[in-house]
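Below is one structure; the comments refer to it alone.
The values are calculated or read from the model by the stated rules, or taken from the named source; none is laboratory data. Keep in mind the model is a prediction, meaning the values are calculated, not measured. Here the Cβ positions follow ideal geometry from the backbone for every residue, glycine too, while neighbour counts run over all protein chains shown.
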Amino acid sequence: MGKSLSKSRFIEMFGNVATNNKRWEKTKLGNKSVIGSSKRIFANEYTTEGIPFYRSKEIIELGMGEKPSVELYISKKRYQEIKEKFGIPIPGDILMTAVGTIGKFWIVPNSKPFYYKDGNLVYIRTKEFNPLFLKKLLEMLIEKYKVENANGSAYTALTIEKLKDLQIVLPPMTLQKQYEEFYIQIDKLKFILQKMIEKLELLKKSRFIELFGTVNDNVHKYEVCSLGELVDINIGLTHTPKYTETGIPFLSVKDISSGKIDLSNVKFISKEEFNSLPKGAKPQPGDLLFCRVGTLGKPVIVSNEIGDFGTFVSLGYLRFSSDSKVIQNTIKCWMNSDLFDIQVRASISGASQPNLNTGWLKKFKLVVPPIEIQNEFANFVNQIDKSKLILQKQLEDLVGETK
């Protein structure tokens, strides 16, 4: 992972905070902050609307700057009772995941109401530290500390008492605020770059509609085909293989849901098991991978550089014949568009676990322009992607490796 500009600046200003090579005053975290958790909320107190109730998953999403996928709520009445009797999170509090995935942080930005799960999450409240400085400081220290102090076999956990004993440095508040000002400027640049990347994606989608039209209006009077007429649809292995420490990568949804093939946290199978996999679980260069369970779509073209890999049933792929009426970029952009989403929603209505069933996926309709038009669009996409790559590199230089 690349080192972010904010992390580099932090080290430049405060040194190695683990060894304290700049000789700052040291103290225990518990001496300079209040650390605690929430009041317990029982399952029968959850509601379908009201005040958002965050667990570790939502805090991790918020800490990454993403919109939380809120699934649980508590009533406004219960929230008010807790607020009056015990208090609630306040702006500047740092929430930290303390069970399972330990050491993910989020600074409460404002007074918008929410509550959170006891035990799994703890809050850190202090006036002795700038919140942005303290969050970055904890991120620098927590990995080593949790290995030495977390306990539990089924689920690792870092207790409040252990967290209070964490040794931290205490630089002057003026220096902490200088770091905050630098961080805010970086965050503004990050926002601008992200918006530019989003605009390029929108430009790609609008150009697709302009050149292709839609099934409903088909303004260019192009041929309309079902997906099953155009490509061979395959799904991955339908049972769990025997995993190995090393070997051939075996991919599932998590390995392509970022929009690219990510082998950083992949599982492996043996060469022998890979050789025995059915055709549907062995994509090849030029195939279009997609997520078919839970997270839907997210198509990725398999490159020549990726090498052999297998896939679980949560993934599928489309294979294109040499005389196919469509090229990969056409289907990829279609699967990323509202034109595809509309047909997905119509097919999975009411399903508790959404999945792209190959039976009805074959029936999905799309407009098929002449290959010349598709190649024109593919060239346009390549130019857009080159511009995106430049912006993503700039973003990576600011914040470290991006998803």
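The table below gives the values:
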{"quantity": "Residue within region 219-227 that is without any contact (Cβ under 8 Å) to a residue 60 or more places away in the chain, farther than 25 Å from LYS7 by Cβ, out of contact with any helix residue (DSSP H, G or I) (no Cβ under 9 Å at 6 or more places or on another chain) and in a loop (DSSP other than H, G, I, E, B) present", "calculated": "yes"}
{"quantity": "Boolean, LYS254 is among the charged types (D, E, K, R), assigned to a helix (DSSP H, G or I), touching a residue at least 60 places away in the same chain (Cβ under 8 Å) and surrounded by 15 or more Cβ atoms within 10 Å (Cβ to Cβ)", "calculated": "no"}
{"quantity": "Looking only at region 122-151, and only at residues there that are in contact (Cβ under 8 Å) with a residue 60 or more places away in the chain and not in a helix (DSSP H, G or I), the one that is farthest from MET13 (Cα to Cα)", "calculated": "VAL122"}
{"quantity": "Some residue of region 193-202 being assigned by TED's automatic domain parsing to the domain that holds TRP334, part of a helix (DSSP H, G or I) and within 30 Å of ASN375 (Cβ to Cβ)", "calculated": "no"}
{"quantity": "Selection count, region 8-65, where residues are among the hydroxyl-bearing types (Ser, Thr, Tyr) and under 17 Å from PHE129 (Cβ atoms)", "calculated": "2"}
{"quantity": "In region 336-389, the residues that are farther than 18 Å from HIS220 by Cα, part of a loop (DSSP other than H, G, I, E, B) and either in contact (Cβ under 8 Å) with a residue 12 or more places away in the chain or among the polar types (S, T, N, Q) (or both)", "calculated": "ASN336, SER337, SER349, SER352, GLN353, PRO354, LEU356, ASN357, LYS362, LYS363, PHE364"}
{"quantity": "Residue match in region 296-307 (condition: in a loop (DSSP other than H, G, I, E, B), in contact with a Ser or Thr (Cβ under 7 Å, 6 or more places away or on another chain) and surrounded by 13 or more Cβ atoms within 10 Å (Cβ to Cβ))", "calculated": "no"}
{"quantity": "Residue tally, condition in contact with a Lys or Arg (Cβ under 7 Å, 6 or more places away or on another chain) and loosely packed, with under 15 Cβ neighbours inside 10 Å, over region 19-41", "calculated": "2"}
{"quantity": "Residue within region 62-70 that is under 27 Å from the mean Cα position of the chain (by Cα), modelled with pLDDT under 95, surrounded by 17 or more Cβ atoms within 10 Å (Cβ to Cβ) and of a type in the set (Gly, Ala, Ser) present", "calculated": "yes"}
{"quantity": "Enumerated helices (runs of 4 or more DSSP H) restricted to region 1-107, each holding at least 3 residues that are in contact with a strand residue (DSSP E or B) (Cβ under 8 Å, 6 or more places away or on another chain) and hydrophobic (A, V, I, L, M, F, W, C)", "calculated": "56-63"}
